[in-house]
């Protein structure tokens, strides 16, 4: 009888170990997903429910909150390389301000300012690393994009469909400025103008270095993801 009880206990112990093992095996993908998440990406402009333009394109336009899914947002997307795995991660902020001037159908001046101190990903630890170690926001709290050459907007549709405009300007990150010549998507949606684009950059040109204490190896080339809503009142 005693031997039978011991055998039963052994069987129960073996089953318990197997159940725990299977549970841990099932949790591994979840843990990996939490650690290696894709971040919070600024997606391109969405023209699906856009309406025809309701205001003249000429005038002073200021950055507005916009309407989902086309709210103002600026962020980054870079590849991270960890032992045995390569993943793409993004961060973004909706703390965007600025203004542009349109005269006789041409964008003649403008500056967009991004508060980097509020940039977020999908992990608190990564947020701290991005803000404090990569972007050093205590010394460089803002990034800017300033228009340096006029851009023709006369061919941008006013019927709620997408157009494309090449913009030339200066992108400044961490006090380093580089010229950007980039096609952007432009959408006139009711009283709003939405400008969107993914600017490919080499982070080294902007002094964004990967500190040794960060486990992941960050790719040199990545994107600055831009989606900015503009209105003449700046309130929408």
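Within the stretch 164-176, take every residue that is in contact with a strand residue (DSSP E or B) (Cβ under 7 Å, 6 or more places away or on another chain) and surrounded by 15 or more Cβ atoms within 10 Å (Cβ to Cβ) and give me the one that is farthest from residue 52 (Cα to Cα).
173
Just to check your reading of the model, which residue among 103, 128, 111, 146 is assigned by TED's automatic domain parsing to the domain that holds residue 220, surrounded by fewer than 20 Cβ atoms within 10 Å (Cβ to Cβ) and modelled with pLDDT under 95?
Step by step, each of 103, 128, 111, 146 is checked, and only 128 is assigned by TED's automatic domain parsing to the domain that holds residue 220, surrounded by fewer than 20 Cβ atoms within 10 Å (Cβ to Cβ) and modelled with pLDDT under 95.
Check off (1) modelled with pLDDT under 95; (2) crowded, with 16+ Cβ neighbours inside 10 Å for residue 180 and give me the number that stays unchecked.
(1)
Quick check: is even one residue across the stretch 187-207 farther than 30 Å from residue 59 by Cβ, more than 16 Å from the chain's Cα centre (by Cα), surrounded by 20 or more Cβ atoms within 10 Å (Cβ to Cβ) and in contact (Cβ under 8 Å) with a residue 24 or more places away in the chain?
yes
Being at pLDDT 95 or above and loosely packed, with under 11 Cβ neighbours inside 10 Å narrows it down to one residue among 56, 95; which is it?
Sole residue among the options that is at pLDDT 95 or above and loosely packed, with under 11 Cβ neighbours inside 10 Å: 56.
Condition first: over 21 Å from the mean Cα position of the chain (by Cα) and touching a residue at least 60 places away in the same chain (Cβ under 8 Å). Now tell me which residues in the stretch 127-161 satisfy that.
153, 156, 158, 159, 160, 161 - these are the residues of the stretch 127-161 that are over 21 Å from the mean Cα position of the chain (by Cα) and touching a residue at least 60 places away in the same chain (Cβ under 8 Å).
The values are calculated or read from the model by the stated rules, or taken from the named source; none is laboratory data. Please read all numbers here as calculations on a predicted model, not as lab measurements. Heads up, the Cβs are rebuilt from the backbone with ideal geometry, glycines too, and the neighbour counts pull from every protein chain shown.
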